[in-house]
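The values are calculated or read from the model by the stated rules, or taken from the named source; none is laboratory data. Source: prediction; values computed, not measured. Cβ sites come from the backbone with ideal geometry, for glycine too, and all protein chains shown count toward neighbours.
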Amino acid sequence: MMLNTYLTFQRVILLIHYLIYPLSLVLSPVFTFVKKRRQFETALAVSSFKGSGRHASHCFHVSSEGELEQALPLIQYFLDQGNLIELVYTSDSVSRKCDLLSKQYENLNVLRMPLLSFPRISFRRWVTAKKLFMCRYDFFSELMLYGSRKDVEFTLLSASLKGKRLSGFKKVFTRDLYRCFDYIIAASEVEKENFLNLSSDYNVTAFEFRLLQIASRLDASEDKFLEKDSLYNFFEILKSRDVKTNLIIGSSWEVELNIFKDQRLVEKIRAGELLVVIAPHSLSKESLLSLTKVFNELAPSLSLVNANDVREYREGEVYLNSTPGVLLESYSLFGHVLVGGGHGRSIHSVLEPYLAGSRVYCGPKVFRSTEFDFIKKESPNDVVVIENLEEISSSIADYNRELELEKRSSLINLYKSRFTEIMERF
């Protein structure tokens, strides 16, 4: 059998993990992050289906909310079929949603990935499923070595090589990494080609699972609006306008407020030709106060009004919507969406506003976003990179919204059909 350099590396890492465990016990009282991580991993009671002599059909590992969104259509499909399912997650940022799922479904068993509590708590001793799904990037030793066993079917979801420059040993190492998987489901057709260029031996297809989750939430938008009583007037104002005269900065950071240096944009807001909403990425009190201060400095001729407090629309007002859990659904009320993050580390989700029917704008930091590639292929004119936020008004253009909504609806239906085919495989 051919030597897999990647698996050899993972076996060494696992051995080191065993050796440093006593050290982590010593460091736990000294270093806060070590203590918090250990507490996080051990806060939930660890129980395996093995204890009752049962075995799960599938096991999933996710690290972030984005990864959970990718895997959720499969997880819920199998759970609704009555299958026993195992879910392992790494980050506390996704713990609320994962723990909520475990309360909803008695046939779901959840584990917080043991990194610092290993080997006292071990994924390999806990897991029972012989079909393991991973999402994206976090290739932990226990997961990779278990998934690579001959009796385990190993699938990678939302796979991407975007931004990776591979040559020499790094290319060999990466090729061996992905050879561990029996099936690779790439995040886009572009990524599928990237994998096949790395090795024509890969069993790879392309599918954007998150598209189905977004579509499902958009279908339930009106129910979500009704849940938020404090935003009733805000939503009614948006609905009363031509949707193409509404613009929102979704997942906004302070840097995106530089659009208010564009005097043509400001004049359109003052004249009532354009309604602008800011939906901040960070909802902490400190962040909101800082964002408000920056807005007042950049746009002294405009008024920033909390979306919960608005009673009627007034020209020259900009709305601040800091209510969590409604951004995705609210995209359906905007013809134009500037997605935040593109002038910082990386853009946030552009697929959400795209499927809602919006024309999408973002900063140049798109190198990590497979969603950007997806939209660029489907509707190249309706995702626009804004290099200079102070000149955004020159890029805000009219578009055939009815045609785009029809096209995007057909795309969703196509993916629903393809999802059924993929499920038959698993």
Item to check | The lone exception for GLU391 - which of (1) modelled with pLDDT of 95 or more; (2) buried (at least 20 other Cβ atoms within 10 Å of the Cβ) it fails | outcome: (2)
Item to check | Contacts under 9 angstrom Cβ, first residue in segment 327-343 being without any contact (Cβ under 8 Å) to a residue 60 or more places away in the chain, partner of a type outside the set (Gly, Ala, Ser) and surrounded by fewer than 24 Cβ atoms within 10 Å (Cβ to Cβ), 6 or more apart | outcome: GLY342/HIS348; GLY342/PRO364; GLY342/LYS365; GLY342/VAL366; GLY342/VAL385; GLY342/ILE386
Item to check | Hits in segment 367-388 (condition: at pLDDT 95 or above and either under 16 Å from the mean Cα position of the chain (by Cα) or over 19 Å from ILE248 (Cβ atoms) (or both)) | outcome: GLU387, ASN388
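So how many residues does segment 6-61 have that are small (Gly, Ala, Ser) and assigned to a helix (DSSP H, G or I)?
Filtering segment 6-61 down to residues small (Gly, Ala, Ser) leaves 24, 28, 43, 45, 47-48, 51-53, 56-57.
Applying the additional criterion that residues be assigned to a helix (DSSP H, G or I) yields 24, 51-52.
The total comes to 3.
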Checklist outcome for this item: (1) touching a helix residue (DSSP H, G or I) at 6+ places or on another chain (Cβ under 9 Å); (2) part of a strand (DSSP E or B); (3) closer than 20 Å to ALA271 by Cα all hold for LEU338 apart from (3)
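In a loop (DSSP other than H, G, I, E, B) and of a type outside the set (Val, Ile, Thr): which single residue out of SER346, SER409, SER417 fits that description?
Values: SER409 fails: in a loop (DSSP other than H, G, I, E, B); SER417 fails: in a loop (DSSP other than H, G, I, E, B).
Within the list SER346, SER409, SER417, the selection yields SER346.
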Checklist entry - Only one residue in LEU320, LEU355 is hydrophobic (A, V, I, L, M, F, W, C) and closer than 18 Å to PHE374 by Cα. Which one? => result LEU355
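Do any helices (runs of 4 or more DSSP H) entirely within segment 165-279 hold 1 or more residues that are farther than 28 Å from LEU414 by Cβ, out of contact with any His (no Cβ under 7 Å at 6 or more places or on another chain) and among the basic types (Lys, Arg), and if so, which? First the steps, then the outcome.
Working: elements: 168-179, 189-198, 210-219, 221-227, 232-240, 263-270.
So the answer is 168-179, 232-240, 263-270.
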Item to check | Complete set of residues in segment 8-24 that are of a type outside the set (Val, Ile, Thr) and either loosely packed, with under 13 Cβ neighbours inside 10 Å or at pLDDT 90 or above (or both) | outcome: PHE9, GLN10, ARG11, LEU14, LEU15, TYR18, LEU19, PRO22, LEU23
Checklist entry - Within segment 98-153, can you find the residues that are free of Cβ contacts under 8 Å to residues at least 60 places away in the same chain and on the phi > 0 side of the Ramachandran plot? => result none
Checklist outcome for this item: SER301 passes all but one of the listed conditions (1) part of a loop (DSSP other than H, G, I, E, B); (2) polar (S, T, N, Q); (3) surrounded by 15 or more Cβ atoms within 10 Å (Cβ to Cβ); the exception is number (3)
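In the list PRO364, PRO353, which residue meets the criterion of being at pLDDT 95 or above and buried (at least 22 other Cβ atoms within 10 Å of the Cβ)?
Working: PRO364 fails: buried (at least 22 other Cβ atoms within 10 Å of the Cβ).
The match here is PRO353.
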